[in-house]
Amino acid sequence: MLRLGSCCIELFPTDSLAARATERPPAIGMTHLAFEVDNLKATVARLHKNGIATDDIIDCSKAAPGLHICFFNDPDGNRLELMQDWTDE
């Protein structure tokens with residue numbers, strides 16, 4: 001985790017051995033951007049009202065108490081994530 005004020009960048013290592021085992025190239029580069037929102041359901045409803053399809057809201061409370069997330073693609077095909085109640089230490 002890299003933090004600067006209220007911004008956070010989370011980096012994940014690439015597992016090139018696992019990628020070779022599946023004959024896929026390793027995942028290098030950005031896979032998605034995440035944005036924290038105060039009210040995930042209302043934000044998703046606003047996206048739907050504006051004609052933007054989303055995946056279902058996912059309850060991640062077992063891994064991170066209270067965390068709910070939702071993915072969608074922007075008009076250029078970039079993967080975006082909305083998250084509510086993310087906390088880390």
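Nothing in this text is a laboratory measurement; each read-out follows from the coordinates by a stated rule. Everything numeric in this text was worked out from a predicted model, so none of it was measured. Neighbour counts run over all protein chains shown; Cβ positions are idealised from the backbone, glycine included.
For the stretch 36-89, filtering for residues that are part of a strand (DSSP E or B), within 18 Å of residue 6 (Cβ to Cβ) and out of contact with any Asp or Glu (no Cβ under 6 Å at 6 or more places or on another chain) leaves 4.
Cβ separations smaller than 6 Å between residues 6+ apart or across chains give the following pairs from the stretch 52-73 residues that are among the hydroxyl-bearing types (Ser, Thr, Tyr) to residues that are surrounded by 14 or more Cβ atoms within 10 Å (Cβ to Cβ): 54/44; 54/47; 54/70; 54/72.
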